[in-house]
Amino acid sequence: MGRKQSFTETELLDTTKQLVLEHGYDGFHLKLLSQHLSGARSTIYQYYANKEEIVAACMKRVMSAVLDKALAIDEAEPMDALEQLLLVYVEESALHQLLGNASKINTANSAAAARDLEYIEAGHQTLKIQLSRLFERAQQNKDLRQDIPLPVLIGVFFNLIDTPNMLNIPTPAWGKLLFQMWIGGAKS
């Protein structure tokens, strides 16, 4: 009889992300996670001590991926950079849904989860600074309307991320379409 197949940390975090998105933080538990992984439930504890650590690590991983992509964008042309940034956010649109659960994580029992949440908050601040900088430069360059306050432009931009892709357009084309809609509006 062969040994049970095990899983990697990447598989663990990918499955965690999927299950938290499907069931929410409150509906996610280690038994559910183990049911979706090949291998013994005890293997989970080789990576993380508890639910809080797993979910915080999952969030940190997603934030790290977004930061890597966002900070690699050439900001020379603010409007081009904003379009690229929107695509990054659309590709990882689950980030907002995941981060909505961050306040539910009890860090009292896990220093690792607390550190991961600090990283996530710092990453969030970095992204906000980048976005504000790009919007300010685009407005200074008169690439954006001057009569619309910056917080409104940024708010609508962010709401694009949650627009359902009902046509199942490939993500890059979907991001481009959303940007065109945002920049041009619906008026003909």
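The values are calculated or read from the model by the stated rules, or taken from the named source; none is laboratory data. Given the structure is predicted, the values throughout are model-derived calculations rather than measurements. Glycine also receives a Cβ, built like all others from the backbone with ideal geometry; neighbour counts cover every protein chain displayed. The area values use the complete protein model at the heavy-atom level, side chains included, leaving out ligands, DNA and RNA. Shrake-Rupley method; radii C 1.70, N 1.55, O 1.52, S 1.80 Å.
Summary table
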| read-out | value |
| --- | --- |
| Test: residue in segment 37-49 that is within 15 Å of Asp116 (Cα to Cα) and in contact (Cβ under 8 Å) with a residue 60 or more places away in the chain | yes |
| Some residue of segment 88-104 being open to solvent by 40 Å² or more (accessible area, probe 1.4 Å), in contact with a helix residue (DSSP H, G or I) (Cβ under 8 Å, 6 or more places away or on another chain) and not basic (Lys, Arg) | yes |
| Matching option when the condition is part of a helix (DSSP H, G or I) and closer than 27 Å to Gly175 by Cβ, among Glu22, Glu75, Glu52 | Glu22 |
| Pairs where the first residue, in segment 118-147, is farther than 17 Å from Asp74 by Cβ and at pLDDT below 95 and the second is open to solvent by 70 Å² or more (accessible area, probe 1.4 Å) and not in a helix (DSSP H, G or I), C-beta under 9 Å, 6+ apart | Gln139/Arg145; Gln139/Gln146 |
| Whichever residue in segment 164-176 is farther than 20 Å from Leu134 by Cβ and surrounded by 11 or more Cβ atoms within 10 Å (Cβ to Cβ) and, among such residues, is nearest to the chain's Cα centre (by Cα) | Thr171 |
| Test for Leu67: is it under 30 Å from Pro170 (Cβ atoms), open to solvent by less than 80 Å² (accessible area, probe 1.4 Å) and either free of Cβ contacts under 8 Å to residues at least 60 places away in the same chain or in contact with a Ser or Thr (Cβ under 6 Å, 6 or more places away or on another chain) (or both) | no |
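Let's see how each residue does on (1) in contact with a helix residue (DSSP H, G or I) (Cβ under 8 Å, 6 or more places away or on another chain); (2) at pLDDT below 95; (3) open to solvent by less than 20 Å² (accessible area, probe 1.4 Å):
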position	(1), (2), (3)
Leu19	yes, no, yes
Phe28	yes, no, yes
Lys31	yes, yes, no
Ser38	no, yes, no
Ala49	yes, yes, no
Ile54	yes, no, yes
Lys60	yes, no, no
